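Okay, structure first, notes after.
The values are calculated or read from the model by the stated rules, or taken from the named source; none is laboratory data. Small disclaimer: the values here were computed from a predicted structure and weren't measured. No Cβ is skipped: glycine too gets one built from the backbone with ideal geometry, and neighbour counts run over all protein chains shown.
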Amino acid sequence: MVPARLNGKRDLLQPLQRLHLLRSAYMSLLPAYALDLETETIVVNPGPQESIASLSREFKRLHAQQGYYSGGAWNTDIDKWNCRKHAVMNELAGHILEAQCSFREVIKLMGQPDDVFQSDDPRAENFNKIDGFPSPDFCIQYYWRQDHDYLIFALLQNRVIHVDWVYAQYEQQVV
């Protein structure tokens, strides 16, 4: 992999990307990730890869559909854990992070975001607390299951530097 550069300086985010991919692989538990034992790094999409263009089209189609969490009927392609929409979002997120896509490139791949917010927003708090990791300028958010579960892209100098899932938290009732 060629080191990415921001403003002509060596980008210090490459090791952080690798750490994030490890975290993402653990969080999502999807077979789209594999560990390369020789280099001790995560390999994104080691198998036959669908084209990014076809994944982009599929995400936009699925994102336009209404599922259970947006007031419609249960839709297995949208609402189920590890459903097709979840898998497509993971594939696109891996590509976007690896390529350090710009804001415009993310929108081209995934359409208009469901929300955009600045780094001082409480939703960006986790990105601002990572030791040695720069705070993003702003973040963009795409819903998986409405605002129940969603994907956040953190951008610095108009480039994606971090991607993370926010999954719903269920409170256990004590009776």
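Structure data summary
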read-out	value
In the stretch 100-143, the residues that are among the hydrophobic types (A, V, I, L, M, F, W, C), free of Cβ contacts under 8 Å to residues at least 40 places away in the same chain and in a helix (DSSP H, G or I)	107, 124, 127
Hits in the stretch 146-156 - residues which are in contact (Cβ under 8 Å) with a residue 60 or more places away in the chain and crowded, with 21+ Cβ neighbours inside 10 Å	151, 153
Filtered residues of the stretch 118-175 (kept if on the phi > 0 side of the Ramachandran plot and either at pLDDT 95 or above or in contact with a strand residue (DSSP E or B) (Cβ under 7 Å, 6 or more places away or on another chain) (or both))	157, 158
